[in-house]
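J.: Below: one structure in structure tokens.
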Amino acid sequence: MPSIDTNKPCDFTIFGVLGDLSRRKLIPSLYQLDRVALLHEDTRIIGVARHQLSQEDFVAKMRDSLETFVNDSLEPDVVERLLNRLHYVLINLDVPEEYSRLQEVIDQEQRVLVNYFSVAPFLFDDICKGLDYAAIVTPETRVVLEKPIGRDLETSQEINDTVARVFTEDQVYRIDHYLGKETVMNLLALRFANSIFTTNWDHNTIDHVQITVAEEVGIEGRWGYFDKSGQTRDMVQNHLMQILTLVAMEPPVNMHGDSIRNEKLKVLKALRPITIDNVDDKTVRGQYKAGFIKGKPVPGYLEEEDGNPSSATESFVAIRVDIDNWRWADVPFYLRTGKRLTTKRSEVVIYFKRLPHNIFKDSYKHLPQNKLVIRLQPDEGVEIVMMNKVPGIGKGIKLQKTLLDLSFSEAFSDVRIADAYERLILETMHGNQSLFIRRDEVERSWKWIDSIQDAWASSNEPPRSYPAGTWGPVASVALLARDGREWEE
Ligand code: NAP
């Protein structure tokens with residue numbers, strides 16, 4: 001592996017610079033990094049697209065992106081500084097000869113070349129071939145890949161093989177933007193910087209774990225794209241699996257990329273397979289029908305614009321995951337994600353075991369379980385649900401459930417919470433791979449998901465319907481009720 005100079009300036013090159021992701025997330029994130037002086041003064045931003053644009057037209061488009069998508073009021077001197085870093089290169093990505101134009105602009109003597117593929121994955125092959133044809137790739141060059149990395153194990157291997165023909169694994173940065181979120185990062189701090197948690201993080205004290213990523217929105221004009229993947233491929237294979245591995249992994253020896261990723265991989269390897277034999281007991285698929293969101297009527301999945309009324313794609317999934325290792329024996333992880341649910345909420349809830357004996361029976365018949373709630377969005381923060389005595393004298397001891405609530409926006413009110421893309425872009429520039437997914441992780445995760453998809457395909461059961469604006473099909477409640485548990489709501 002080449003030694004990495006984290007202070008070197010970059011030629012940060014965005015393929016597909018005029019696309020949605022680039023305009024909405026990447027360019028605004030680069031602005032925020034520049035604002036807080038995290039971009040090296042000699043770093044440049046090179047935009048690649050296939051349109052005939054003058055440098056002035058390109059700069060005007062990027063200025064418009066900043067004005068449209070940066071939430072805070074823009075600082076004029078930062079805007080000018082950022083716009084001065086921009087260079088436009090016209091390349092039809094499927095024409096290898098055109099990559100020599102990029103070769104003429106970049107300067108790998110002085111700068112690290114970071115190639116951000118902000119395009120659909122079917123173009124990765126063309127870009128790799130083009131970069132290779134123009135002899136642009138050196139051992140220092142990096143490549144950033146957007147999701148989805150395939151739709152199953154086979155297609156993810158194809159994409160990874162394509163990229164591996166030109167880049168070694170230590171040059172590849174696969175994005176899962178959840179790994180750039182402040183609260184997901186905080187999971188590591190919570191687990192490995194607090195002895196109360198490090199010593200209470202296994203089957204001895206934890207009863208079960210719930211991971212919810214609930215969306216209020218529906219398909220938002222992406223029916224064609226979404227219907228080919230469904231909620232399991234779109235959300236579980238990447239975001240929920242990444243959160244699960246961070247909650248469940250063993251302590252890494254340090255924060256280096258491979259130390260963390262080795263531990264995450266071990267969790268993925270320990271996932272009990274879900275097959276045709278147990279799929280009905282372990283999973284629930286759902287599809288929303290018409291309902292109400294915040295009092296307003298919304299159409300069902302099949303009636304959405306461009307919808308195919310016979311689609312059996314799931315917009316909701318709940319899964320009981322068992323991890324077959326020492327730490328998590330008999331501690332289920334329940335995953336749940338869906339569209340058009342009651343509210344937008346992402347959280348991890350750790351339920352601690354019930355106490356063996358209740359000495360407060362007279363005033364509180366069933367002592368509730370302690371809970372640690374890690375709120376990923378909205379209102380990022382951490383909550384502990386615990387029992388306290390109600391102050392006062394009189395007959396008996398009165399107990400009450402109370403919250404220890406650490407809201408990030410209140411506790412760190414003078415600190416701006418950075419967007420996930422800001423952190424991830426910065427890490428690609430610094431050459432730190434710990435927040436990016438390694439090839440073996442992606443493929444292992446697909447292998448596990450493929451087995452579920454195959455089981456659903458064989459069972460031929462359509463998804464269960466649920467009204468928009470609810471928490472999913474009733475069967476999802478039953479999934480936990482069978483184990484004597486219920487969802488956090
Ligand atoms: P997009 O809006 O379609 O942008 C892709 C860009 O690629 C377009 O500007 C398109 O240019 C360009 N392109 C296509 N074929 C080309 C060619 N042969 N030569 C040169 N340029 C070409 O897509 P996106 O939403 O930005 O998504 C990009 C990637 O990020 C996808 O893999 C997506 O899954 C992933 N992603 C996106 C988001 C998001 O919020 N948008 C979130 C997560 C992941 P034209 O305008 O000329 O067609």
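Readers should treat all values here as calculations from the given coordinates under stated rules, not as data from a laboratory. Every value quoted in this text rests on a predicted model; they were computed, and no experiment measured them. Heads up, the Cβs are rebuilt from the backbone with ideal geometry, glycines too, and the neighbour counts pull from every protein chain shown.
J.: In terms of the ratio Rg/(2.2 N^0.38 Å) built on C-alpha atoms, what value belongs to the chain?
T.: Numbers: Rg = 24.3 Å, N = 489, 2.2 N^0.38 = 23.1 Å.
Compactness ratio reported: 1.05.
J.: A further question follows. Give me the angle, in degrees from 0 to 90, between the Cα long axis of helix 153-164 and the longest principal axis of the Cα atoms of the chain, rounded to the nearest 10.
T.: 40
J.: From Cα pairs below 8 angstrom and at least 6 apart in sequence, can you work out the relative contact order of the chain, rounded to a whole percent?
T.: Working: 887 pairs, mean separation 89.9, N = 489.
Averaging sequence separation for qualifying contacts and normalising by length gives 18 percent for the chain.
J.: Three principal axis extents, largest first, for the C-alpha atoms of region 1-135, in Å?
T.: For region 1-135, the Cα extents along the three principal axes come out at 42, 35, 25 Å.
J.: May I pose another question? Once the piece of chain linking ASN92 and LEU355 is laid out straight, how much longer is it, given 0.36 nm per residue of separation minus the C-alpha distance between them? Walk me through the numbers before you get to the answer.
T.: Details: separation 263, 0.36 × 263 = 94.68 nm, distance 6.46 nm.
Fully extending the segment from ASN92 to LEU355 adds 88.2 nm.
J.: On a full-extension model of 0.36 nm per residue, what is the gain between TRP326 and PHE122, subtracting their alpha-carbon distance, rounded to one decimal in nm? Can you show the working numbers first?
T.: Details: separation 204, 0.36 × 204 = 73.44 nm, distance 4.08 nm.
Gain in length upon complete extension: 69.4 nm.
J.: If you don't mind, there's one more thing I want to ask. So for each of 191-199, 331-339 I average, over its residues, the number of other beta carbons within 10 Å; can you give me the resulting order with the highest mean first? Spell out each step's value before the answer.
T.: Working: 191-199: 12.0, 331-339: 23.3.
Put in order of decreasing packing, that is 331-339, 191-199.
J.: Counting every Cα pair in region 229-304, what percent are over 17 Å apart?
T.: Details: 1831 of 2850 pairs.
Percentage above 17 Å: 64.
J.: Multiply the residue separation of PHE292 and SER195 by 0.36 nm, subtract the distance between their alpha-carbon atoms, and state the gained length in nm to one decimal. Intermediate results must be reported in sequence, preceding the final value.
T.: Details: separation 97, 0.36 × 97 = 34.92 nm, distance 4.47 nm.
Extra length from PHE292 to SER195 when fully extended: 30.5 nm.
J.: So how far apart, in nm, are the two label points at GLU303 and ALA478 if each is 7 Å from Cα heading toward Cβ?
T.: 2.6
J.: Quick one: if the Förster radius is 35 Å, what FRET efficiency do SER229 and ASP362 give, using the C-beta to C-beta distance and rounding to 0.05? Could the numbers behind the result be given before it?
T.: Working: r = 54 Å, r/R0 = 1.55.
That pair, SER229 with ASP362, gives E of 0.05.
J.: What nm value, rounded to one decimal, do you get for the distance between HIS40 and ARG81 when each label is placed 7 Å out toward the C-beta?
T.: Distance between the two pseudo-spin positions: 1.6 nm.
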